[in-house]
Every structure is written in structure tokens, then in C-alpha cells.
Amino acid sequence: MAYFVTGATGFIGKRLVARLLERTQEDGPADVFVLVRQQSVDKVAALFDDPRVKPVVGNLAEPLLGVDPASVPGVTDFFHLAALYDMTASAEDNERTNVLGTKNAVDLANALGGTLHHVSSVAVAGEYKGIFREDYFDQGQKLPSPYHQTKYDSEKLVRETATVPWRVYRPAVVVGDSRTGEMDKIDGPYYFFTAIKKVRHLLPAWVPLIGPEFGYTNIVPVDFVVDALDHIAHQPGLDGQAFHLTDPRGQRVGDVLNAFARSANAPQLAMRVDTGLLDLLPKGAFSMLMKLPQLKDIRRSLLADLGIPDEVIGHMALVPQFDTRDTERALEGSGISVPSLDTYSNKLWDHWERVLDPDLHKDRSFANAVKGKRVLITGGSSGIGAESARMVAAAGGIPIIVARSLDKLLEVQTEIQDAGGECFVFTCDLSDLESIDTLVADVLEAHGGVDFLVNNAGRSIRRSIKLSQDRFHDLERTMQLNYFGAVRLITGLLPSMTKQRFGHIINVSSIGVQTGVPRFSAYVASKAALDAYSRIAASETLGSGVTFTTIHMPLVRTPMIAPTKMYDAFPAITPREAGEMVCEAIRSRPKHINTKLGTFAEVMYALSPKVVDQVLHLAYKAFPDSVAAKKHVEGEPPEEAPRLSGEQLALAHVLKGIHL
């Protein structure tokens, strides 16, 4: 007794070989011949380390796989697993591997004798509508891709040209091992793990989401496929049959995504909209719409950001469902069955996050992003700006710090230089437009341009509208620095960024823009204006390589908040932590960097704006105007309480990071 296996080093193949080795220990000694290319012989030895595994040098593209039948005597079972399982592969690659490879494998199996076990795929069912039975094959089904077509054609070769007994196995979407989570590549539902991770980063796990319901899929773990394949292959009287190695229940795509979202501690789809509603549109309207070049570019950009191949989206759901009666009869009494995804999704997610996550294999370090880059930082003499400059310099970047006070700038510069970094200083009154124009000219002359601009300098005013009736200048001076000054600097540097085909602009905005906190109407309005300007500018400059990030910064313990004494008891992040957010914006260049509370506030305002108003009015009543804000009111201002009440502290911690 001997086995011959193609694809023995693949994800399914190596597990099948291990299982066959276990079986030969029980049933008596047997050789396991494995087809390998010359360069993979050492890989086989390292993978199996068993004298019963005998590498056979050959190639799928050669007649008889390039193997002399006399060199592999006594083969009783021939397992053909080698194939291309890739929706993104070209038609030529699919044809060469799946069809020509199967033809040559069948010819060798015919020459060797024994039983041919061909691992096909549920892809042969194409877009058959209804239940695709195991004894179905050519039902006139539509085959929507080169992959589907070649899996159909290769199974057809087995059925029509094999002169030896044959059996066909059609696995569904194969994922990692249900016991260990091990998987060897990004495929199937794994394409959506990056999107789940991004949502987890943006929102708390308890936030309900609304999303599309694509239909049904069918997912099985690799250990079930191997155990079922091995068991059925050794049962008598089953030749000439096909077996669906699928979950008899099937799964909705939304349920699958929710299972992995639970495993990732990410928000789940609470409401799913049936994409079949698109069928109500005039025939072909949606497909014609999606063929527009502009929409195709948007779709491609969105999917690329999520790491999802464009070719995969159209095949997320399986049109047919699959009968498994013959498989269930063959497995009866074996104890082999498909485990529920909920019982092992945690293991799959854990393995992906530790081993397969693309972010683990790219140089996404801050040092790589900033090394040698010119980073202009306003408000660089203290607080967030100074901390950002220190981190940029420590990572090999070149901070160019700007503020009004030369003495303080020089202190930061000296500290950076003493630590071995580079730093350049420029003074500028960023509320004076002419001063900004001079700054731009001086920086361009000295450095030729900048790669990153961090608009960090700002002015904050905490005063209720009630106390602002005769203080319109508060709005003007806040807008002058936070909005007009930042925009003047952006427009001054934009031509040089466009010319060099690269530039990234980071605006330090406020969580107040997302929450609409009371008493900050002047400050939040100025930041919201800059947000709106940047959002529009980003859509215009994208093609020239200039991009924007808006950081909705939570409360930071800096000199800017010092006049409001009650903030001493508020939870706030440090300038160092805020600087890390700026550095993350430089590193990954996202559209936004938000806190979860800020994002949640935006979602809640979209869903229940009156409820948000009530919560913020409660905060307005709980936290009075400061002594400084009341100074212009007639009469003696009341003294501020030296410490917050229990109710105020509780509210401050519930709304952690929000200016109140």
C-alpha cells in the first residue's frame, strides 16, 4: 500500500499527509510519495521529517507530472490537491494550474492504478440557484470567473478521462484549524478582518452598526476537511461519487462577520439591509452606475484601504446552497462533523491578529515615515508642539518649530540638539497674515519646502454666549488664529507640496467639534471651520499627492487650559500623549484621529440630536462660567469652588476628555 499526493506542502495537503502517516501506523507501513519541485525537496524533509515520506520531483505543467510511473510502485490511492485557490489570479494562471495540472495528474493516476481522489471545490456549482446536490455536475450553471470555470473544467476532466476509480471532494470556503486557529494566508472571510479591526479602533464594541446583508456563504475549518477527506477516501463502495465537504446549515455573511466581530471585541451589525433591494432598480441600472470611472476609482480606493481585493466583493456570497446527504452517510459513526463557527472564531481571529495581520509585515514604524522629512510645527515652543518636535527629531525627522517667543523656541531647539537631533526655529505671529506670508517665504528659501505641516497653534476661549453679548471680538480673534492663520499657512505651502508631489497636513482640532460642548462656541466654531476647509481641500488635492489628517484632540493639560481652575480635577491627557497622536498622524496619515467618545458623540447626534442636547445642557448647568469669564460682568464675581462636587466629578469622568 502506498499513497501519492500532489499539493502536499499546501495548507490542506500537509495536514492530509500527516493524517495518512497516522493511518499507516495503524494499518501497517506504507510510503507516502509527494510531488515536489526540485527547489522544494528540502522543504518536504523539514516539514515531515519521516522516512516514509518520499519526495518525487516533478511539475504540474509536464506530461505525467514529469514522473516515471515505475519510480512510484504500489500506489493504491492518488490524492490530487495541487491547485490554484485564488480569486485574484489571472485566467491564464488558473488554466495552467487547475486544468492542465489536473489533466497531467489524471494521466499519471491512470498509469499508476489505484483510486483517484480529486479535491475540487463548491465553485463548480457557480451561480446555480437552489440546492446543488452532490450528484449534480453539469446543470447549465453560470460560472462567473476564471476560477469557477477552471474548477469546473478540472472536475470534468476527472469524470471523463479517468480510467481508474475516482472520487471527488468539494470543500466550501476553507478557514483555519478549529483547534489552533492556524491559517497560512489571507483568503475568504479573512479579507474583512482589517475592516473589523478599523471599526474596533473607531467605536466601542457596544455600538450597533447598520450594514449590507450579502446573502449566504459556507465556511468549514481545515481540520474538518482533512478528517472527512481521509475518512471517506478509505471507505469501500463510494467510487464515482462527489462529496460536499460543507456545512449542511450554511451561514449568512452577516452572521459570519458578526462572529468575527465578537471575537475581535468590535461593534457588530445590528441591522442588515438586504442587497437584493437593488434588484428593484431598473434592470442593469446599478451595474451600469458602478461602471462609471469615477465610482470605480472610489470603490477601488475604499477596498484598497481595507485590504480587500476588488475581485472578491462580487463573490462574497454563494448563490447555491449545498446538499450533504452522501457526505453525512459516509461519515456516519465517525464522529466527524462541522463545528459551529462560534466555537472557534476566537481562535481564527487570534491567529490572524498575531500572525497574518498585514500591519505586522510592513515597515509602518514612525521612524520610517519621518526619517529625513521636514516637519513644520506651529505652537512649537511648548506643550503639544514641543513634545511632537522632540519625538520627530528623536526618530530622525527634521522639526521646524514656529511660535512668537524666540527664547522658548531656542530652549526646545537646544534640548533637541543636545540629544543629537536636528531642529530649526522661526518666529511668527500666526494671527497676522503678513507675518505668515513672511514665514512661508523664509521656510521655502531655507529648506526648499516641507513634507509635513502640523497646525497646532491655537487659542481657546471658554465663555457662555450669555456672557459674550458685547464680546464679538472673542469670535474674531479666535477665528483669526485658529482658522485664518492655519488656512493662510496651508495655502502658502500648498504650491511647493504640489510641486514635489507629496505633502501631508495635520490639523489639531478638538473633540469639541464632535460633541458641541457648551461655552466653547467661539473656539469650536473656529476649529469646525478648519475641519470643513480641510475636508474640501483634501478632495481637490488628492490627485497631487497632498493629504490631510484632522485630530479631534481631547482635553490636554497644557497652559492653554490653566486659567480654568476646575480643569485641575478633570481627567486629561498629557502633552506627551497628545504628541503621540500627532506622530501617529505623521506615521499612518489617516483622514481622522478620534477618540471613541468623540466618534460615539457624532453617531449619537446623528441618531438622537435632542438626547445629546439634553446631556450637554446638563453639563452646561453643572459647570459654571469661570471667574475670568465673569470679570467683565457688573458686580463682584463669585469665588470658584476650590474643589468639584461629587456630581461634577462623576459627569467629568463620564465625559472624559471633553472640554466642559
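The figures follow:
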| quantity | calculated |
| --- | --- |
| Any hit, segment 534-546, residues being crowded, with 22+ Cβ neighbours inside 10 Å and either at pLDDT below 90 or farther than 19 Å from Thr478 by Cα (or both) | yes |
| Matching residues in segment 364-384 - criterion: being under 16 Å from Arg587 (Cα atoms) and surrounded by 24 or more Cβ atoms within 10 Å (Cβ to Cβ) | Val370, Val375, Leu376, Ile377 |
| Residue that is nearest to the chain's Cα centre (by Cα) [pool: residues in segment 433-456 that are part of a helix (DSSP H, G or I) and not hydrophobic (A, V, I, L, M, F, W, C)] | His447 |
| Condition check for Pro590: modelled with pLDDT of 80 or more and surrounded by 14 or more Cβ atoms within 10 Å (Cβ to Cβ) | yes |
| Where a residue in segment 248-268 is at positive phi and its partner, wherever it lies, is polar (S, T, N, Q), with Cβ under 8 Å and at least six apart | Gly250/Thr217; Gly250/Asn218; Gly250/Gln321 |
| Which listed residue, of Val56, Val99, Val106, is hydrophobic (A, V, I, L, M, F, W, C) and part of a strand (DSSP E or B) | Val56 |
| Options Lys142, Lys151; residue that is out of contact with any Leu (no Cβ under 8 Å at 6 or more places or on another chain) and crowded, with 20+ Cβ neighbours inside 10 Å | Lys151 |
| Any pair with Cβ under 6 angstrom, 6 or more apart, that starts in segment 429-448 at a residue that is of a type in the set (Asp, Glu) and ends at one that is assigned to a helix (DSSP H, G or I) | Asp429/Ser435 |
| Matching residues, segment 382-429, being part of a helix (DSSP H, G or I), charged (D, E, K, R) and farther than 21 Å from Ala369 by Cβ | Asp407, Lys408, Glu411, Glu415, Asp418 |
| Segment 538-549 residues that are touching a residue at least 60 places away in the same chain (Cβ under 8 Å), paired with ones that are surrounded by fewer than 19 Cβ atoms within 10 Å (Cβ to Cβ) (beta carbon under 7 Å, 6 or more apart) | none |
| Matching entry among Tyr128, Tyr147 (being in a helix (DSSP H, G or I) and either in contact with a helix residue (DSSP H, G or I) (Cβ under 7 Å, 6 or more places away or on another chain) or not basic (Lys, Arg) (or both)) | Tyr147 |
| Considering residues of segment 308-342 that are at pLDDT below 65 and not in a helix (DSSP H, G or I) only, the residue nearest to Gln141 (Cα to Cα) | Gly314 |
| Residue check for Asp107: surrounded by fewer than 23 Cβ atoms within 10 Å (Cβ to Cβ), modelled with pLDDT under 95 and of a type in the set (Asp, Glu) | no |
| Some residue of segment 76-93 being part of a helix (DSSP H, G or I), modelled with pLDDT of 95 or more and assigned by TED's automatic domain parsing to the domain that holds Pro320 | no |
| Failed item in (1) loosely packed, with under 15 Cβ neighbours inside 10 Å; (2) within 24 Å of Ser509 (Cα to Cα), with Leu475 passing the rest | (1) |
| Hey, Tyr128 out of contact with any Ser or Thr (no Cβ under 6 Å at 6 or more places or on another chain), buried (at least 19 other Cβ atoms within 10 Å of the Cβ) and among the aromatic types (Phe, Trp, Tyr) or not | yes |
| Condition broken by Gly211, with the remaining ones in (1) part of a strand (DSSP E or B); (2) in contact with a Leu (Cβ under 6 Å, 6 or more places away or on another chain); (3) under 26 Å from Val75 (Cβ atoms) satisfied | (3) |
| Total residues in segment 189-223, condition in the same structural domain as Pro320 (by TED's automatic domain parsing) and without any contact (Cβ under 8 Å) to a residue 60 or more places away in the chain | 0 |
| From Val158, Val174, residue being in contact with a Pro (Cβ under 9 Å, 6 or more places away or on another chain), assigned by TED's automatic domain parsing to the domain that holds Pro236, crowded, with 18+ Cβ neighbours inside 10 Å and not polar (S, T, N, Q) | Val174 |
| Residue satisfying condition, being more than 30 Å from Tyr191 (Cβ to Cβ), among the small types (Gly, Ala, Ser) and surrounded by fewer than 17 Cβ atoms within 10 Å (Cβ to Cβ), within set Ala70, Ala2 | Ala70 |
| Segment 323-343, residues that are of a type in the set (Gly, Ala, Ser) and either buried (at least 19 other Cβ atoms within 10 Å of the Cβ) or over 14 Å from His231 (Cβ atoms) (or both) | Ala330, Ser340 |
| Flag if Pro212 is within 28 Å of Arg354 (Cα to Cα) and not hydroxyl-bearing (Ser, Thr, Tyr) | no |
| Unique match (being at pLDDT 80 or above, more than 31 Å from the chain's Cα centre (by Cα) and among the β-branched types (Val, Ile, Thr)) among Val603, Val611 | Val611 |
| So Val370, is it within 25 Å of the chain's Cα centre (by Cα) and among the β-branched types (Val, Ile, Thr) | yes |
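Let's see how each residue does on (1) of a type in the set (D, E, K, R); (2) surrounded by fewer than 20 Cβ atoms within 10 Å (Cβ to Cβ); (3) touching a Ser or Thr at 6+ places or on another chain (Cβ under 6 Å):
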position: Ala441; (1), (2), (3): no, yes, no
position: Gly449; (1), (2), (3): no, yes, yes
position: Leu453; (1), (2), (3): no, no, no
position: Asn482; (1), (2), (3): no, no, yes
position: Thr498; (1), (2), (3): no, yes, yes
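The values are calculated or read from the model by the stated rules, or taken from the named source; none is laboratory data. Given the structure is predicted, the values throughout are model-derived calculations rather than measurements. Positions of Cβ are backbone-derived with ideal geometry, glycine not excepted, and every protein chain shown enters the neighbour counts.
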